[in-house]
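Read-outs: derived from the displayed coordinates by stated rules, not from any lab. Because the structure is a prediction, the values reported are computed rather than measured. Positions of Cβ are generated from backbone atoms using ideal geometry, with glycine treated the same way; all protein chains shown enter the neighbour counts.
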Amino acid sequence: MVLPEGIDEAEVADFVEGAQATKVKEVSARVHFGLTREVSWELGPFHVHYAEEYPCEVRFVQVTGAVQGDIDGATDLLARYLRPVREDDLLRAVDVADSIEQRRACLVRAGIGAPLTFDEPFFRRIADAVCDRDEMIREGGLWAAVYAFWPELRPLVAEMGRSEPAQTLRDQAAAVAATWH
């Protein structure tokens, strides 16, 4: 779940540590693109993960575990407390972005906040971005595809890895496609 402005690691930590969670991972890094901060807590049968993405500075939380019911319950509880950005608001932000930089950031946010399974409105925006005339939009589309990670996006990423005009993006897309089975 993508966190709204004003909600960050402190609020997540307050919630999970108040529930007696144990911090099991804390990493900060300087990267060109990817996660710059990641903290994980163990809470019974599941883990809560907080992360900050760079360069778009998207803050998000996810729950992992072995039992889907536990994951769903914990996710619902966290969502009530943290009030994440709604899916329709993520899509709307892509549609109304008024600059290339803003649209790129909104695409990455949409990819992070996309449903776990294929969703046509998210897919359409990511696919359109991957084929856009602007290199920064195509980059945002690539990273949105990486975060959404649906099998339906793989052919688009593979094609980008073969025919993308910008060498760096072509190399990134080819690397992603090669590991996406």
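Listing 106, 131 from fewest to most neighbouring C-beta atoms within 10 Å gives 131, 106. Which residue fluctuates the most in the chain, going by a Gaussian network model with Cα springs under 10 Å, if the choices are 137, 100, 126? Comparing 137, 100, 126 in the GNM, the peak value goes to 100. If I take R0 = 41 Å and measure r between the Cβ atoms of residue 5 and residue 135 in this structure, what FRET efficiency does the formula 1/(1 + (r/R0)^6) give, to the nearest 0.05? That gives a FRET efficiency of 0.90. Across every direction, the projection of the convex hull enclosing the Cα atoms of region 1-55 has a mean area of 4.1 nm². Which whole number in µm²/s is D for the chain by Stokes-Einstein, with the Kirkwood Rh taken over Cα pairs at 37 °C and 0.692 mPa s? Estimated diffusion coefficient is 193 µm²/s. Over the chain, dividing the summed -39,500 (n - 2.57) contributions of all DSSP H runs of at least 4 residues by the number of residues returns a 222 nm mean residue ellipticity of -16500 deg cm²/dmol. Note on the chain: GNM, Cα springs under 10 Å; of 104, 154, 80, the largest mean-square fluctuation is that of 80. For the chain, relative contact order (Cα pairs under 8 Å, six or more residues apart, normalised by length) works out to 15 percent. Extension gain for the segment residue 149 to residue 29, taken as residue separation times 0.36 nm less the Cα-Cα distance, is 40.9 nm to one decimal.
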